[in-house]
Amino acid sequence: MSKSKTQKPKAKAAAKTAPRKTAAKSAPKPKAKPVAKAPVKKKPAPKAAPTKRTPAAKPAAKAKPAPAKKAPVKKPAAKTAAKAPAPKAAASPAAKSVKKAAAPVPKGGVLPPPPLKKTPAPPEKKAVASSPKAPATTAPEKKAAVAKPAPSAPAAPVAVAVSTPAPAPVVTPPAKPAPAAAPKAAAKSAASKSVLAITAGEPIAPPKPPVVSSEKPVAAKSGALYYDSHMHTPLCKHAWGEPEEYCAQAVKSGLKGIIFTCHCPMPDGFWPSVRMSEGEFDLYLSLVQRAKEAYAGKLEVCLGIESEFFPGYEKYIEGLHQRAEFDYCLGGLHWQAKEYLNKFEQGTIEGFRRTYFDHLAASAETGLYDCIAHPDLVKNYHPDSWCFAIIKNTVASVLDRIAKTGVAMELNTSGLNKSYSEMNPGNEMLRMMAERKIPVVIGSDAHKAPRVGEHFVTALNNLAEAGYEEVSYFKKRERIDLKISDVISSIKKAADANA
């Protein structure tokens, strides 16, 4: 017993001396140990303390410097522990149970944010805010985001609105600005788009005989009777001025009404620099409707179109004319189109002109048009060599073919502004038309507002000298005939009244 008592104080003395040495060595590092132990909380470990009595105290003292060396290894663990609570503190307002389940799975802490975005998704307000940020969302969410800016683009968004039932009421309002004069245009626009895929050479409907209106035209309060039946809008890319400016000039010119006939859209990129695009067709209808409403009671504003004639595209033009309720469909044959020159400019100059006149008759024979525009426009092809006498026989046979169709022909006053300064057609061809009793419609072909109604009195006098007694215009695709003498007097009277 005396030996055991003596051994215990020695062990205690050795234990006291050992920690003093280690404390001296690790004096600058005592703060790191409590920091590492604080989050771990390994206080229940002292229960194993009685086991220290069996082994010698000296090896235990030697084992302590080892953790001192490992202490720097534990320090990064402490740093990571310090970083780990950072996301917990940021997400403290949320449920702690969700974070504890999600935190151990991703070590980098990158994946936890997605579940937080999914939870607020059910409310409508949050879904709208998050839709532009998440391009990889489901298909219906992507369509709903696209359908909201649809009012600026009327044609393409309609297809998107059909596929998504939710934004349907948002897309329907853009259909309201469609012109009231053409209520069937919106209904037929979807079906008419398939016309673009129709191949050339397909048969078209048999031509319908021209309709002559039995209604007697009533003069306006100003005494005006006649219409300018050919003018354009900026959509054709080579005209200037708003439609209302053309209307104002028509009133000054003593006209009862005007018909806008801008260049029609064409498929396959046909001569795109001088016409409206397919997507601008509805815009064209709205521009004419806007002018019509602005001048209600002052001027009759009608919807027309200058439809291109090019062999092989007859089926497309037939579908185009069904997309709106046109008052007037004017056939335009343009020799200066690159597509036309590339295909038909072969052989001599006179041969090219004969081909042009042959196509002029062919356009009338399709029955697609109410009138044929600027009939001898081809005289501006090498105008220095133009001689009507050389081609007169060809013109005669062409006029015979046109007369059988009943289609009208235009007296275009803008020919005075072209390289071959003469109205289209010239007076000699005009006399040949009068002999065959081909109806004539006068159009200014105005690409600027000041030219609306320009040279109309001169044109009427040319008709009278050629043997005509009547001049015509169209409404609702029915021809209306007026006496030339009445039209001349009405223009003068209305112009004086509006001066």
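Values quoted throughout were computed directly from the atomic coordinates according to the rules given, and no laboratory measurement underlies them. Only a predicted model underlies this, so the values are computations on that prediction, with no experimental measurement involved. So basically every Cβ, Gly included, is an ideal-geometry build from the backbone, and we count neighbours across all protein chains shown.
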Original post:
So how much slack lies between Val274 and His382, counting 0.36 nm per residue of separation and subtracting their Cα-Cα distance, in nm?
Top reply: 36.8 nm
**OP:** Can you tell me the FRET efficiency between Lys252 and Ser286 if r is taken as the Cβ-Cβ distance and R0 is 25 Å, rounded to the nearest 0.05?
**Re:** 0.50
Original post:
Just going by the charge dipole of the stretch 226-498, with Lys and Arg at +1 and Asp and Glu at -1 on Cβ, which of Ile317, Tyr246, Leu330 is farthest out on the positive end?
Top reply: Tyr246
**OP:** Go through 230-243, 344-357 and give me the packing order, highest mean Cβ count within 10 Å leading.
**Re:** 230-243, 344-357
Original post:
Among the trypsin sites (Lys or Arg not before Pro) within the stretch 249-316, which fall in a DSSP loop and have no more than 16 other Cβ atoms within 10 Å of their own Cβ?
Top reply: Lys298
**OP:** Within the stretch 212-320, list the GluC sites (Glu not before Pro) lying in a DSSP loop whose Cβ has at most 15 other Cβ atoms in a 10 Å radius.
**Re:** Glu215
Original post:
Do the alpha carbons of any pairs in Lys216/Lys256; Lys256/Lys475; Lys256/Lys492; Lys237/Lys315 sit beyond 21 Å of each other, and which pairs?
Top reply: Lys237/Lys315
Original post:
All other residues with a Cβ under 12 Å from the Cβ of Pro243 taken together, and with Lys, Arg as +1 and Asp, Glu as -1, what is their net charge?
Top reply: -2
Subject >> Radius of gyration and maximum dimension Dmax of the stretch 226-498, Cα, Å >> reply: 17.6, 55
Subject >> Net charge contributed by nearby residues that have their C-beta within less than 12 Å of Ala389 (K/R +1, D/E -1) >> reply: -1
Subject >> Zone of Ile390's modelled label, taken as backbone nitrogen in the stretch 338-354 under 11 Å from a point 7 Å along Cα→Cβ >> reply: 348-354
**OP:** Evaluate E = 1/(1 + (r/R0)^6) for Glu350 and Asn461, where r is the Cβ-Cβ distance and R0 equals 45 Å; express this FRET efficiency to the nearest 0.05.
**Re:** 0.90
Subject >> Anchor Lys476: aspartates and glutamates whose Cα lies under 17 Å away (excluding residues fewer than 8 positions away in-chain) >> reply: Glu215, Asp228, Glu300, Glu306, Glu318, Glu325, Asp327, Asp370
Original post:
What does the charge count near Arg290 come to, summing +1 for each Lys or Arg and -1 for each Asp or Glu among other residues with Cβ under 12 Å from its Cβ?
Top reply: -2
